[in-house]
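Student: Starting off with a structure, shown below.
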Amino acid sequence: MTDTRTIRKYLYHGLALSLLLSGLLYAGVTGKIAGKVLDKKTGEPMGSVNILVQGLGADGIEDDSFYTGTATDDSGDYFIINMPPGLYIVKASAIGFNMVRQEGVQVSVDRTTRIDFELEVTVLGMKEVIVNAERKHIQKDLTSSAVSVSAAEIDIMPVNSVGEILDLQAGMGRDAGGGLAICGGGAPEKTHPIYGLQGVGGPRPPGGVAGGEPSLF
């Protein structure tokens, strides 16, 4: 009986460890774009509207190497999953309506970026409508503290590594061993995912920060 209980105990512990490791290995590395399309005049949802997403470089130049898209359902809703983090142009078009495009749409890992559209009936000679997307100050799907640093912001920072970028953020510091401390928490008390790569607190590796890979910092 004792041997059976011991075996079950190790099996339960092994299962729990496997679930924990799978959660770390398969942490999110992509984001999501979702929204709704309405008729600007009537306010009614528009189905079968074509949504096209195109890559956008940090320099504002369109990236022709990345395209994806979808169409709205009968309620005017759409979503696109598995979006790599970065900047995008999102276009909405339908027959008989002017095309609308939003530029500078920021997609972040494990976040839903909401982009809504209002389309107007086509007027002869009218060109497409261009809207510059802005990041919302309040993210309704964010359940914890988070800081996002865009490529454009990094370009003007006086930094040479990811570690130096982190040092400039509020609540960041270094512990007695030189490891990264977040809000007073040292290496054994934190994880730090970078684009879905999950680092766990531990000894400080040579040339890196505690719990991270030297190549990341």
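The values are calculated or read from the model by the stated rules, or taken from the named source; none is laboratory data. Owing to the predicted nature of the structure, the values given are computational and were not obtained by experimental measurement. For neighbour counting, all protein chains shown are included, and Cβ atoms are generated from backbone atoms with ideal geometry for every residue, glycine included.
Student: If you scan region 60-89, which residues turn out to be within 23 Å of L38 (Cβ to Cβ) and hydrophobic (A, V, I, L, M, F, W, C)?
Tutor: A71, F79, I80, I81, M83, I89
Student: Which of the residues that make up region 53-112 are in a loop (DSSP other than H, G, I, E, B) and over 21 Å from S148 (Cβ atoms)? Before the answer, list the steps.
Tutor: The first filter runs over region 53-112 and keeps only residues in a loop (DSSP other than H, G, I, E, B), leaving 57-61, 72-76, 84-85, 94-96, 98-99, 108-111.
Scanning region 53-112 gives I61, T72, D73, D74, S75, G76, A94, I95, G96, N98, M99.
Student: Could you list, in sequence order, the residues of region 59-74 that are over 16 Å from V49 (Cβ atoms) and polar (S, T, N, Q)?
Tutor: S65
Student: How about region 75-109: which of its residues are among the basic types (K, R) and farther than 14 Å from L52 by Cα?
Tutor: Those that are among the basic types (K, R) and farther than 14 Å from L52 by Cα: none in region 75-109.
Student: Considering every residue within region 42-59, establish whether at least one is closer than 25 Å to D155 by Cα, in contact (Cβ under 8 Å) with a residue 12 or more places away in the chain and in contact with a helix residue (DSSP H, G or I) (Cβ under 8 Å, 6 or more places away or on another chain).
Tutor: There is at least one residue in region 42-59 that is closer than 25 Å to D155 by Cα, in contact (Cβ under 8 Å) with a residue 12 or more places away in the chain and in contact with a helix residue (DSSP H, G or I) (Cβ under 8 Å, 6 or more places away or on another chain).
Student: Yes or no: T122 in the same structural domain as G43 (by TED's automatic domain parsing), within 22 Å of G76 (Cα to Cα) and modelled with pLDDT under 90?
Tutor: yes
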